[in-house]
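Presented below is the structure to which this report refers.
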Amino acid sequence: MSPRVIQRLLSLGAVALLAGLVAIAVLELRKDKPVPTPRGAIAAGGGWYEALAAPRPPGDDAERTTCGLVLTGRSLGVTHPVLPCGAKVLVRYGGDTVLTEVIDNALVASGRQFELTPELARRVGLDGTQEVEWRYATRQ
């Protein structure tokens, strides 16, 4: 190798090391500050909206949603026919409140307003079609 190539490799290594140190410093600074919990925008009437929700039936492996996302068994999100893709919502069921987002606009089955991915439904304990509460998530 020529001295010029060695010099470039050493320079790139130094830049990578510096970037790593900066990343560690930023993480250490952020570790002391708690991440704020998103608040929900109050629904009309002062509370939460109510809707029927059910787990989304398992689809094909690597199924693509109308929002352009590829679903896996670990995907977390909701399907809603009207809310825009990527809309952040808080869903409350059985005492659990989760922050999630709209990942699809095509309901797989009728008789509900929301479908939760199987993993999200499992996390909140939703089985079958049940009434959930929801509201738009807002920044603090």
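Bear in mind these aren't lab numbers, they're just calculated from the coordinates by the rules spelled out. Fair warning: this is a prediction, and the values are worked out from it, not measured in the lab. Neighbour counts run over all protein chains shown; Cβ positions are idealised from the backbone, glycine included.
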*Give a quick list of trypsin sites (Lys or Arg not before Pro) in segment 73-106 that DSSP marks as loop, anything other than H, G, I, E or B, with at most 16 other Cβ atoms within 10 Å.*
Arg74
*Residues with beta-carbon under 13 Å from that of Glu115, excluding Glu115: net charge, scoring Lys, Arg +1 and Asp, Glu -1?*
-1
*Just how large is the dipole of segment 85-140 about the Cα centre, in debye to the nearest 20, putting +1 at every Lys and Arg Cβ and -1 at every Asp and Glu Cβ?*
220 debye
